[in-house]
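Here the structure comes first, spelled out in structure tokens, and everything after it is commentary.
The values are calculated or read from the model by the stated rules, or taken from the named source; none is laboratory data. Keep in mind that this is a model prediction, so the values were computed, not measured. Ideal geometry is used to build each Cβ from the backbone, glycine not excepted, and the neighbour counts take in all protein chains shown. Note: accessible area is taken over every heavy atom of the protein model, side chains too, but ligands, DNA and RNA are not part of it. Shrake-Rupley method; radii C 1.70, N 1.55, O 1.52, S 1.80 Å.
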Amino acid sequence: MSEAVAHGPTNLVVSLEDLHSITGDDQTLWPVLPDWHELFAAVCGRIGDTSSAHPVTRYARALSKLRLAHHNQPELPGFAGTRLALVGWIDLWVLRNAPFVADCDKSLGEAVDRMALAHVNAIAVLGSERDEQVVHAAWRALSMCAIEWTNLVDEVVHGQPAYPTGQ
């Protein structure tokens, strides 16, 4: 896997080494996992790009950048491997920090990736689609990702079984 991945026409670079070495004195202030508001803010690019950010929000921000770059350049070199690494690092964080992770059969990293993809799709549809039902469906898909994240966090952090979302 490459050390860094260039993204789109702006040549934005996500350093995999930098993301992989997330540590810091601030981690005692972090919750086990961010709530959906914080995760969504990271996916939107509002947070997650500082060393004091929660590791999951940093990985979410990186996934969002990667998904946007892939949307703009579908043949983006290194996309699949970088995506899998980011998903895996989220899952590793959850495995090391969530007390009830053994009871959950879902990947929280994949849930973050779905939210990042849904966000990119919703923004793209908002800017190009005139059919309001298509726009509504894209934003509903994104909201379902927030509900899924909340359920998964409740499951792995508090031991509460996931509530069926009825998708």
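Note down all Cβ pairs under 7 Å where the first residue falls in segment 108-136 and is under 15 Å from ALA69 (Cα atoms), the second is open to solvent by less than 70 Å² (accessible area, probe 1.4 Å) and not in a helix (DSSP H, G or I), and they're at least six residues apart or on different chains.
Final answer for the pair search is HIS119/CYS44.
Pick from ASP105, ASP113, ASP131: which is surrounded by fewer than 16 Cβ atoms within 10 Å (Cβ to Cβ), within 23 Å of LEU84 (Cβ to Cβ) and of a type outside the set (A, V, I, L, M, F, W, C)?
Of ASP105, ASP113, ASP131, the one residue that is surrounded by fewer than 16 Cβ atoms within 10 Å (Cβ to Cβ), within 23 Å of LEU84 (Cβ to Cβ) and of a type outside the set (A, V, I, L, M, F, W, C) is ASP105.
Out of the residues in segment 90-102 that are in contact with a Gly (Cβ under 7 Å, 6 or more places away or on another chain) and over 16 Å from LYS65 (Cα atoms), which is surrounded by the most Cβ atoms within 10 Å (Cβ to Cβ)?
ASP91
Any chance segment 81-92 includes a residue that's out of contact with any helix residue (DSSP H, G or I) (no Cβ under 8 Å at 6 or more places or on another chain) and hydrophobic (A, V, I, L, M, F, W, C)?
Yes.
Of the residues that sit in segment 6-53 and are over 18 Å from LEU86 (Cβ atoms) and in a helix (DSSP H, G or I), which one is modelled with the lowest pLDDT?
Once the filter is applied, the top-ranked residue is ASP25.
Looking only at segment 61-86, which residues are closer than 19 Å to VAL153 by Cβ and either more than 10 Å from the chain's Cα centre (by Cα) or open to solvent by 10 Å² or more (accessible area, probe 1.4 Å) (or both)?
Within segment 61-86, ARG61 is the sole residue that qualifies.
Condition first: under 30 Å from SER128 (Cα atoms), touching a Phe, Trp or Tyr at 6+ places or on another chain (Cβ under 8 Å) and touching a residue at least 24 places away in the same chain (Cβ under 8 Å). Can you find one or more residues in segment 73-86 that meet it?
yes
Does at least one position in segment 52-60 carry a residue that is β-branched (Val, Ile, Thr), touching a residue at least 40 places away in the same chain (Cβ under 8 Å) and either under 16 Å from ALA118 (Cβ atoms) or open to solvent by 10 Å² or more (accessible area, probe 1.4 Å) (or both)?
Checked segment 52-60: no residue is β-branched (Val, Ile, Thr), touching a residue at least 40 places away in the same chain (Cβ under 8 Å) and either under 16 Å from ALA118 (Cβ atoms) or open to solvent by 10 Å² or more (accessible area, probe 1.4 Å) (or both).
So ALA146 fits all but one of (1) of a type in the set (A, V, I, L, M); (2) more than 15 Å from the chain's Cα centre (by Cα); (3) open to solvent by less than 60 Å² (accessible area, probe 1.4 Å); what number is the exception?
(2)
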